[in-house]
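Participant: One structure coming up, written as structure tokens, with questions to follow.
The values are calculated or read from the model by the stated rules, or taken from the named source; none is laboratory data. Keep in mind the model is a prediction, meaning the values are calculated, not measured. Heads up, the Cβs are rebuilt from the backbone with ideal geometry, glycines too, and the neighbour counts pull from every protein chain shown.
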């Protein structure tokens, strides 16, 4: 277990800047989720930590030791890939043994057996140990892949969208499993996703990346409740935060260009009229699609609402966010 | 992969089957004919109309593997009764076996040179293909084109410079010379084929192995190589078939020590009149190693030939 510290990481591929001066500390024993759309630099950051790529400038240190010049094998990290996660020519057991048999670890055979057995037990794949890796379903493959990371006790676990190729049910099961494994082992985990539910449910800290820049780093709650920009606010929350002209509801702070409203920032039944265009019953809640002064707003209301399309509902902002012309938060 | 939606009807299947069987028969007949000729007597081998049913004899094989001298009755008398079954066959024709022929040696040369160059070609080819596939090589595209361009003319076009080079280097009529030559000729195609196969192996596997605590070479050896086995096997077959069948360079550059079977087989024709059964026997035996090699690796070969036809 160790702290991971990134200082001024910059990396370009040709003309593309993949990482732009990333500085971040992943505390020991934390579960850090890197959040951002495709191309934001999430995977590149993981690759810098793993040693598969080296930064143009800046440094990576793990457990206080500078990693410059260290090979991936020397860094004592493990990585779960999004796909192609298992060695297709090996059985499940051989896949799980593979890291333990490496020249760096050289684990004795009885210990290999014990560890593989334990991990197989946790991930419920004991009965599949002697199957060929390619004979597994997608969910089983990904479980084995996570298992291959767990058989070692590395300083840092790196996971690159490990659940993205799975169906919804399995994804939520594995989410719970991963979180409890991390919590029980006290492992440091750096996890890449663009799924905000994964970020909200598992992370102790979230790093929001935009175009190679780290725009905000904090607990999921901090980022949800106190986003630094339109971009950060848009990463979390469902339905998404509504971004509207700042003076739509009345006077706004002088620098403000836009107002950001999450559903909980919209008080219903008070204020000005808006038109309900669509009502979506999701079971536990209902989504309302409104039009207010020619602007569309999406919010939620209680599950058994009587509202229908064409109805009028009064709304009023309550503690909204204000952003300036560049998208930065001003209030 | 795509499949046609409608099942072909019965008559279409029959027609297709018939076509395939006919084609197979047409292509296999010459092969069967040469195998059969190896077991015919010299008279049967040239009879017209050709005989299909004949009394098999090993005379062709005996003639292939032995040198014989024509003997007078006195000499036959002096030699005493035949000691072995092949001695007996030779006596019937009024000859005495004077020793083994060169065919065994030549055949062994073919094996050494064919398999040796194939092995060397696979080692060098896989390494080069891996580098081209995975590393940032300066001028990669130009180099690859240059490598392929060496295959654009028939190799025999450079026969004379190669002959002179070999003479100066003392490589004429040596196993090493022939192995190097066949390796050089085969390497370009091998690099291209193997690069295609290695390109298809996702780089994530190696990266996973690097993180799992292995060095780049170990990752190559333990992860890439097993997955490239199919490609390597089918490329090896192509290389072996070329080296095995090669005739022109073998005639030009070998005459004794390192002579392979292809230039030797025609020699048989001239020794004691036109001995077609012996030639056929030589050709039949010559077929065996490539056939065995190909049959052993046939699954890979099929995949190798259809490679590139289906893109994911």
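Participant: Select from region B:37-52 the residues that are at pLDDT 90 or above and farther than 11 Å from residue B:275 by Cα and list them in ascending order.
Facilitator: Passing the criteria: only B:39.
Participant: Right, here's the next one. Spot the failing condition for residue A:94; the list is (1) within 11 Å of chain B (Cβ to nearest Cβ); (2) in contact with a helix residue (DSSP H, G or I) (Cβ under 7 Å, 6 or more places away or on another chain), and only one is missed.
Facilitator: Failing condition for residue A:94: (2).
Participant: I would also like to ask the following. Is it true that residue B:272 is surrounded by 15 or more Cβ atoms within 10 Å (Cβ to Cβ), touching a strand residue (DSSP E or B) at 6+ places or on another chain (Cβ under 9 Å) and modelled with pLDDT under 90?
Facilitator: Yes.
Participant: Among the residues of region B:97-120, write down those that are farther than 30 Å from residue B:189 by Cα, surrounded by fewer than 18 Cβ atoms within 10 Å (Cβ to Cβ) and in contact with a helix residue (DSSP H, G or I) (Cβ under 9 Å, 6 or more places away or on another chain).
Facilitator: Across region B:97-120, the qualifying residues are B:100, B:102, B:104.
Participant: State which residue is farthest from the chain's Cα centre (by Cα) when the search covers only region A:182-224 and only residues that are surrounded by 19 or more Cβ atoms within 10 Å (Cβ to Cβ) and assigned to a helix (DSSP H, G or I).
Facilitator: The residue in question is A:182.
Participant: I'm trying to understand the selection: among the residues of region B:53-83, which are at pLDDT 85 or above and loosely packed, with under 10 Cβ neighbours inside 10 Å?
Facilitator: B:53, B:55
Participant: Let me ask something else. Spot the failing condition for residue A:253; the list is (1) surrounded by fewer than 14 Cβ atoms within 10 Å (Cβ to Cβ); (2) in contact (Cβ under 8 Å) with a residue 12 or more places away in the chain; (3) over 18 Å from residue A:228 (Cα atoms), and only one is missed.
Facilitator: Of (1) surrounded by fewer than 14 Cβ atoms within 10 Å (Cβ to Cβ); (2) in contact (Cβ under 8 Å) with a residue 12 or more places away in the chain; (3) over 18 Å from residue A:228 (Cα atoms), only one is false for residue A:253: (3).
Participant: Within region B:193-223, track down each residue that is more than 10 Å from chain A (Cβ to nearest Cβ) and closer than 23 Å to residue B:300 by Cα.
Facilitator: Residues satisfying the conditions are B:193, B:194, B:195, B:196, B:197, B:198, B:199, B:200, B:220, B:221.
Participant: Next question, about the same structure. Within region A:23-60, count every residue that is in a strand (DSSP E or B) and in contact (Cβ under 8 Å) with a residue 24 or more places away in the chain.
Facilitator: 12
Participant: Can you tell me which residue in region A:1-22 is farthest from residue A:149 (Cα to Cα), limited to those that are free of Cβ contacts under 8 Å to residues at least 24 places away in the same chain and part of a loop (DSSP other than H, G, I, E, B)?
Facilitator: Here the residue is A:15.
Participant: Among the residues of region A:137-146, write down those that are buried (at least 19 other Cβ atoms within 10 Å of the Cβ) and more than 20 Å from the chain's Cα centre (by Cα).
Facilitator: Residues satisfying the conditions are A:140, A:141, A:144.
Participant: Another question, if that's okay. Using the structure shown, decide if residue A:319 is assigned to a loop (DSSP other than H, G, I, E, B) and touching a helix residue (DSSP H, G or I) at 6+ places or on another chain (Cβ under 9 Å).
Facilitator: Yes: the conditions hold for residue A:319.
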